[in-house]
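So the structure is just underneath, and the comments pick up after that.
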Amino acid sequence: MRALLRFNFLMYLWNLHFILPFSFVIVYSGLLYVLSIYLFSNCFVISTALLFVISLLDGFYAYKLCHDSMQAILMLKTGSAVKYYISRELLLVLLSVQYTVLILLYPSIVSMLGGGKLSRIVTDLTAILFLHLFVALCGYEIGSLFQPKMLGRRVPAALLMLGTIAGIFLRQELSVIPVIKCLFWIFPPIAKLLQLVHDRENFFTAEMGSMIIQLFLYISLVLAGKAYLQNRRKWAIYE
């Protein structure tokens with residue numbers, strides 16, 4: 001499993017898939033450094049939204065990491081398609097941790113050096129870290145769910161993902177439609193979470209913990225959906 005994870009990560013680096021998310025994180029950190037007077041008060045709202053977007057896109061395009069023939073060879077060598085797909089899920093977790101740390105690195109250092117009660121700062125940063133981590137995982141899982149290799153066709157997969165994004169960020173506007181309102185459980189509460197982060201000064205709260213639990217449950221639901229789709233296709237590579 002460790003060798004598979006290492007191979008997947010090297011393929012991620014070799015195919016330069018890190019350029020898009022890494023560039024977004026670096027540009028965001030640079031803007032935060034230059035415009036800290038204007039941006040820092042809302043930096044965690046921006047970083048949460050940005051992390052979700054880049055993880056969503058990175059998860060969606062992760063299907064390009066390996067050709068079908070290479071994936072088939074890896075499955076034959078490991079002797080288990082399930083083990084191979086678990087290694088791909090672990091790669092998503094690794095990337096989520098990596099970009100969460102990178103995007104929070106600069107604001108965390110500024111918060112630690114900015115004075116204030118150290119225990120309060122550490123507590124808030126811990127809550128923010130878990131919040132961002134689950135947001136990144138949610139983005140990666142949604143993006144990978146709508147991959148063409150998962151659903152079978154490119155155009156429907158892209159349309160479904162766009163519809164999900166619209167449902168996430170237009171939740172309040174769509175709440176006036178009774179039928180759509182009944183389907184809100186399909187969409188993760190990212191927009192509500194952004195509003196909560198914007199309004200809160202203390203991040204270590206019961207409401208914030210509830211948001212993290214909801215994200216965890218949603219990620220588990222998406223994982224179950226992906227496992228069902230793979231099992232329906234008999235864990236195959238080729239259509």
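Among the residues making up segment 112-140, those that are among the β-branched types (Val, Ile, Thr) and open to solvent by 30 Å² or more (accessible area, probe 1.4 Å) are Val122, Thr123, Thr126.
Answer with yes or no whether Leu113 is touching a His at 6+ places or on another chain (Cβ under 7 Å) and modelled with pLDDT under 85. In short, no.
So, in segment 14-41, exactly how many residues are surrounded by 12 or more Cβ atoms within 10 Å (Cβ to Cβ) and either assigned to a helix (DSSP H, G or I) or small (Gly, Ala, Ser) (or both)?
Step one: list which residues in segment 14-41 are surrounded by 12 or more Cβ atoms within 10 Å (Cβ to Cβ), which gives 15, 17-18, 20-22, 24-26, 28-29, 31-33, 36, 39-40.
Among the residues that remain, those that are also either assigned to a helix (DSSP H, G or I) or small (Gly, Ala, Ser) (or both) are: 20-22, 24-26, 28-29, 31-33, 36, 39-40.
Result for segment 14-41: 14.
The listed residues are Ile109, Ile73, and the only one of them that is free of Cβ contacts under 8 Å to residues at least 40 places away in the same chain, within 18 Å of Leu129 (Cα to Cα), surrounded by fewer than 19 Cβ atoms within 10 Å (Cβ to Cβ) and of a type outside the set (D, E, K, R) turns out to be Ile109.
For segment 205-215, does any single residue satisfy the condition of being touching a Phe, Trp or Tyr at 6+ places or on another chain (Cβ under 6 Å), modelled with pLDDT of 80 or more and closer than 24 Å to Phe146 by Cβ?
Yes, segment 205-215 contains a residue that is touching a Phe, Trp or Tyr at 6+ places or on another chain (Cβ under 6 Å), modelled with pLDDT of 80 or more and closer than 24 Å to Phe146 by Cβ.
The values are calculated or read from the model by the stated rules, or taken from the named source; none is laboratory data. Keep in mind it's a predicted model, so treat the numbers as computed, not measured. Ideal geometry is used to build each Cβ from the backbone, glycine not excepted, and the neighbour counts take in all protein chains shown. The accessibility values were calculated without ligands, DNA or RNA, using every heavy atom of the protein model including side chains. Shrake-Rupley method; radii C 1.70, N 1.55, O 1.52, S 1.80 Å.
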